[in-house]
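Trainee: Pasting a structure below so you can have a look.
What follows draws every value from the coordinates through simple rules; no lab data is involved. On a predicted model such as this, the values are computed, not experimentally measured, just so you know. Cβ: placed from backbone, ideal geometry, glycine included. Neighbour counts: every protein chain shown.
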Amino acid sequence: MLVITRKSDESITIADNIEITVLDISKDKVKIGINAPKEVKIYRSELKTLRQTNEQSAQVSEAAIKQLLERHKQEEK
């Protein structure tokens, strides 16, 4: 991990096309602005973890689908 000290209104550049600027510093928070191309996906870390959990939850096994179809067929009888 690279650690850099920046003051308000100072920035860093990553890979020639991503700029991160310190917009405001308060007691216990830092507000940053990120300027990047639209194709660069930017997630807050807690949202990325939540998204991964949701994607895993949405994956249904083929066996589970077959079991549900069988149960549905039996209920129709």
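Trainee: With (1) part of a strand (DSSP E or B); (2) more than 20 Å from the chain's Cα centre (by Cα) as the list, and Glu19 as the residue in question, which single condition is left unmet?
Mentor: (2)
Trainee: Output the residue which, of all residues in the stretch 1-20 that are touching a residue at least 12 places away in the same chain (Cβ under 8 Å) and not polar (S, T, N, Q), is surrounded by the most Cβ atoms within 10 Å (Cβ to Cβ).
Mentor: Ile20
Trainee: Right, another one. For the stretch 25-77, give me the residue count where each residue is surrounded by fewer than 10 Cβ atoms within 10 Å (Cβ to Cβ), small (Gly, Ala, Ser) and either farther than 30 Å from Lys7 by Cβ or in contact with a Leu (Cβ under 7 Å, 6 or more places away or on another chain) (or both).
Mentor: Within the stretch 25-77, residues that are surrounded by fewer than 10 Cβ atoms within 10 Å (Cβ to Cβ), small (Gly, Ala, Ser) and either farther than 30 Å from Lys7 by Cβ or in contact with a Leu (Cβ under 7 Å, 6 or more places away or on another chain) (or both) number 4.
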